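Read the figures in this text as sums done on the coordinates, not as results from a lab. In this text, all values refer to a predicted model and were calculated from it rather than measured experimentally. When we count neighbours, we look across all protein chains shown, and the Cβ atoms used for this are built from the backbone with ideal geometry, even at glycine.
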Amino acid sequence: MVSTTSLTTTQSEEIFAAAQNLMPGGVNSPVRAFKSVGGQPIVFDRVKGAYIWDVDGNQFIDYVGTWGPAICGHTHPEVIQALSTALAKGTSFGAPCQLENVLAEMVIKAVPSIEMVRFVNSGTEACMAVLRLMRAFTGRDKVVKFEGCYHGHADMFLVKAGSGVATLGLPDSPGVPKSVTSHTLTAPFNDLEAVKTLFAENRHEIAGVILEPVVGNAGFIPPAPGFLEGLREITQADGALLVFDEVMTGFRLAYGGAQEKFNVTPDLTTLGKIIGGGLPVGAYGGKRDIMERVAPAGPMYQAGTLSGNPLAMTAGIKTLELLQRPGAYEQLEKMTKQLIEGLLEAAKETGHTVCGGNISGMFGMFFAAGPVHNYEDAKKSDLSKFSRYHRGMLEQGIYLAPSQFEAGFMSLAHTEADIEQTLAAARTVLSDL
Ligand code: KE4
């Protein structure tokens, strides 16, 4: 049982106040500042398994998992052991090392669309590079993205983006020239007709379509039946590329990601989070004839000092090994379904209108009748009720993502007792909302 005290946050307050003088908003990534849910951000001291301890000694059951990477639980002993061994041999080489081959082979074997892969240091880098590759391969400039989808903070993606951009209600970001975003076309998620119209109006001018195959950055929004298949057909017919941004869904929804789960194979895929096991790794990969355009095999330039570093490769290799163990994804599905169905039931029993669901270890809930098909629907949910729910759950020792425009993540370390405690906390909080 996680012991929950009345939430004293003295140390968090002191540290966060100092942080705000040192770093913009006191954070190194905006969503951490709790802006949309209000209240005092929790300053972490340590994590282990399914749990967080903050600097005031409060313990929380964690459903953020450092935004997805901690799928096997924080500081898994086998990951830590592997890292300690690797550490003795160096933290970064800036040169080829066999560990890169090992993780590359694992990714290529796992992900249906990937015949060749390039490692980078973040999901943003992976998405930036894949966009350049889409354009280099097709010779076309325009790209289609979906409202509410988030593909990192590169200029051309900051158009109706999700995650922290949506959380902060930023229309788009200053500092991004119109000339850059003029090639970025947008459509509502799950709206195939809107995509067909864009292609009709821009015949043979669109390099490709990039999307989160299951949206996590506008809240949890699954694809409507036929949506992914429709995008595959539309792009194929126009000679455009289909790109799945699986930074969040990769190795989360299935070992082969959303593309395995939904049996739709894109031309290119981006990855991140889980493949680094908590260390900085991103990746982009796809069909060999496309990837061989990337320097130094081809002319499309992309580079990175710490790309493929031995520590990150080691953490990724061990994490994927753990995910290959029999029953891993069945456990994630079972535990997450038990959690989200319990949360929805608790909300309905206490008079709230909610909708939500899960796919494997990824879940979400909206204070709305639903169904939520896209970002516009998500924005109409009761955001202030979500904020009160988030704060209440935090007081009960449950750490949820501090924004309605995020998803929740289960790990293999969560126990039945953790789920039961979470549901008991939810019943308490929801009855007072
Ligand atoms: P990073 O640059 O944050 O590693 O990855 C960017 C990215 C790209 N694509 C998808 C689908 C993503 O979810 C992300 C990053 N996810 C957010 C959470 N929604 C990271 C958390 C944060 O921004 O602090």
(request) Enumerate lysine pairs in region 333-425 that are 8 or more residues apart or on different chains, then count those whose Cα atoms are under 23 Å apart. (result) 6
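Let me know the volume per residue of the alpha-carbon convex hull for the chain, in Å³. Don't skip to the end; give the middle numbers.
Details: hull volume 59.1 nm³, N = 433.
In the chain, the Cα convex hull volume per residue is 137 Å³.
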(message) Can you find, among A401, I340, T269, the residue sitting farthest towards the positive end of the charge dipole of the chain, where Lys and Arg contribute +1 and Asp and Glu -1 at Cβ?
(response) T269
(message) In whole Hz and in residue order, list the ³J(HN,Hα) couplings for region 293-299 that follow from phi through the Karplus curve 6.51 cos²θ - 1.76 cosθ + 1.60, θ = phi - 60°; x for Gly and Pro.
(response) 7, 7, 4, x, 5, x, x
(request) Give the Cα extents of region 94-168 along the principal axes, in whole Å, largest first. (result) 41, 31, 27
(message) Helix-only mean residue ellipticity at 222 nm, the chain, DSSP H runs n ≥ 4 weighted -39,500 (n - 2.57), per residue, nearest 500. What is it?
(response) -11500 deg cm²/dmol
(request) Pull up the DSSP beta bridges for the chain and report the antiparallel fraction as a percent, rounded to 5. (result) 60
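Given that compact globular proteins tend to follow 2.2 N^0.38 Å, what is the ratio of the alpha-carbon Rg of region 237-385 to that value?
Working: Rg = 19.1 Å, N = 149, 2.2 N^0.38 = 14.7 Å.
Against the compact-globule rule of thumb, the ratio is 1.30.
Once fully extended, how much extra length lies between M23 and E229, figured as 0.36 nm per residue of separation less the alpha-carbon to alpha-carbon distance? Walk me through the numbers on the way to the answer.
Values: separation 206, 0.36 × 206 = 74.16 nm, distance 4.37 nm.
Here the segment from M23 to E229 would lengthen by 69.8 nm.
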(message) Looking at the chain as a GNM with Cα springs under 10 Å, which of T415, T319, T75 has the largest mean-square fluctuation?
(response) T415
(request) Rank the residues F189, F244, F93 as a footprinting-exposure proxy: fewest other Cβ atoms within 10 Å of their Cβ go first. (result) F93, F189, F244
(request) Determine the principal axes of the Cα atoms in region 310-428, then give the extent along each, sorted from largest to smallest and rounded to whole angstroms. (result) 47, 32, 24
(request) Measure out, as a whole number of angstrom, how far apart the alpha-carbon centroids of region 291-357 and region 243-257 sit. (result) 6
(message) Using amide H atoms built in the peptide plane, which far-off residues or other-chain residues are under 5 Å from G282 H to H?
(response) V120, N121, S122
(request) Calculate the spin-label point distance for E13 paired with K380, positioning each point 7 Å from the Cα along the beta-carbon direction, and give it in nanometres. (result) 4.0
(message) Can you compute log10 of I(q)/I(0) for region 1-91 with the Debye formula, treating each Cα as one identical point scatterer, at q = 0.15, 0.18 Å⁻¹?
(response) -0.72, -0.94
(message) Straight-line reach only, C-alpha to C-alpha below 17 angstrom: list the lysines that K48 could link to, leaving out same-chain residues fewer than 8 apart.
(response) K318
(request) Specify the inter-centroid distance of region 102-152 and region 377-416, based on alpha-carbon positions, in whole Å. (result) 29
(request) Return an integer: the convex hull volume of the alpha-carbon atoms of region 156-252, in Å³ per residue. (result) 108
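Using C-alpha positions alone, give me the convex hull volume of region 189-237 per residue in cubic angstrom. Don't jump to the answer; show the numbers that get you there.
On the way: hull volume 3.6 nm³, N = 49.
Per residue, the Cα convex hull of region 189-237 comes to 74 Å³.
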